[in-house]
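Take a look at the structure below.
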Amino acid sequence: MQKVTEPRLAYIGFNLVKGIGAARMRALLDVFGDVDTAWQASAPDLRSAGLSQRIVDNLLQVRSEVDLTKIWERLERQGISALTWADTLYPRRLSEIEQPPPVLYVRGKILDEDSWSVAIVVTRNPTAYGRQVAAEIAAILAQSGVTVVSGLARGIDAIAHQACLEAGGRTLAVLGSGVDLVYPPEHRQLAQRITAQGALISDYAPGTPPDAANFPPRNRIISGLARAVIVVEAGEKSGALITAAFAADQGREVFAVPGGIYAPLSKGTNRLIQEGARPLLDCQELLAILKLGPVAEFHTARSALPLDATETRLLELLGNDALHVDEISQRSNLPVEKISSTLVMMELKGMVRQMGGMQYMAIREPGDEYKVG
């Protein structure tokens, strides 16, 4: 059996095993302690860990037939990266949902600033009204420094991505196939533009063809990456409503664009509003509700004044609870004078907030600086 020492390789291996998803992956880590040990575990130990004989057989077959090192080399040649639960670059917001995907395949780049994102979803056959609204929303979000998330599907998804790109913004497209197999095929050029100003993302291994069964599950990633989901148009049985349901379960804000009561593609959005979604009447109101107005200023300040080693260390220590400079000094093994001067600069950058009495807390996102306590 191939010896695996790079955790990403073992995660990729498990991703290829039919029947092992987030819940079973978490259970295996709980039993074996780390992914490499789990990958190399014996069949009896795997059964003792709760895997059925069928899944154990699937795992043993993948282990015997697949060369993970060659898969890794192929990913590198294709310009595809793999982010796992063990990676610091794994999207923080997505990691907070229940059962986040253990592996994300990425073509392009996911940046820290993409945690300030909003998803736009809609029917694949939008009206002129839906197209106009989606384009305006995407452009305003992009101009405000907010990343737009969608699914690269025909209709509003493509319009949202295009409007965002044309406004100079970042956009993430979550696919129901491998990131090397763009679907629909007419969006290949758009996909290339997205990789330059964002990323193509999938939890399906490269080479996985698009399949109708793949698209509903990928919607949980679309909502999981975003702070909020906007449903522009949706019929009574639209797939966009699945994304809205995932968003509500994940604690995301759901907005719906109202429409005429006789319009078939507004029945779903009007129903969402009736059930508690916020009616989206003005994009500036959206930015205010989500406290996304200061995002562009955050990007400008942080890019103009990048973090040094001391700032990085202090930001790692500071959480949602305020810490006194003496405690920060004790935890960081840095002199109080160095910490105090660094915190002053970090406050100017909008990275920390002084709570009084020489106590500081980190500002993780725009709007945090306005929180009390």
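Values in this text are rule-based calculations from the coordinates and carry no lab data. Only a predicted model underlies this, so the values are computations on that prediction, with no experimental measurement involved. Backbone-built Cβ (ideal geometry, glycine too); neighbour counts: all protein chains shown.
Brief remarks follow.
- Amide H contacts under 5 Å for residue 228: 119, restricted to partners 5 or more places along the chain or on a different chain, H placed in the peptide plane at 1.01 Å from N.
- With eigenvalues of the C-alpha gyration tensor scaled by 5 and rooted, the chain, Å: 33, 33, 19
- Lysine pairs meeting the criterion (Cα under 25 Å, 8 or more apart or interchain), as found in the chain: 11
- Hydrodynamic radius of the range 132-268 per Kirkwood, over alpha carbon pairs, in Å: 15.0
- Table column - 3J(HN,Hα) (Hz), the range 220-228, Karplus curve with 6.51, -1.76, 1.60, x for Gly and Pro: 5, 6, 4, 6, x, 6, 9, 6, 8
- The range 108-289 - share of DSSP beta bridges that are antiparallel (%, nearest 5): 5
- Value in Å of the Kirkwood radius, where the range 1-69 supplies the Cα pairs that are averaged: 11.7
- Spatial separation of Cα centroids for the range 43-101 and the range 190-233, in angstrom: 19
- Mean Cα-pair separation over length for the chain, i.e. relative contact order, pairs under 8 Å, 6 or more apart, %: 12
- The HN-Hα couplings worked out from phi for the range 57-62 by the Karplus form 6.51 cos²θ - 1.76 cosθ + 1.60 (θ = phi - 60°) are 4, 4, 5, 5, 5, 4 Hz, whole numbers, x standing for Gly and Pro.
- For the chain, the antiparallel share of DSSP beta bridges with both residues in that region comes to about 45%.
- Compactness of the range 182-260 was expressed as the Cα radius of gyration divided by 2.2 N^0.38 Å, which yields 1.21.
- Here the extension length gained between residue 31 and residue 315 equals 99.0 nm, from 0.36 nm per residue of separation less the Cα-Cα distance.
- R0 of 35 Å, Cβ-Cβ distance residue 341-residue 92: FRET efficiency to nearest 0.05: 0.80
- Cα-centre dipole for the chain with unit charges at Cβ (Lys and Arg positive, Asp and Glu negative), debye to 20: 860
- Among 194, 80, 120, the order by Cβ neighbours within 10 angstrom, fewest to most, reads 80, 194, 120.
- Positive minus negative residues near residue 203 (Lys, Arg vs Asp, Glu; Cβ under 11 Å): +2
- Counting charges near residue 265 (Lys, Arg +1; Asp, Glu -1) among other residues having Cβ under 14 Å from its Cβ returns a value of +3.
- Taking the Cα centre of the range 1-69 as origin and assigning +1 to Lys and Arg Cβ atoms and -1 to Asp and Glu Cβ atoms, the resulting dipole is close to 220 debye.
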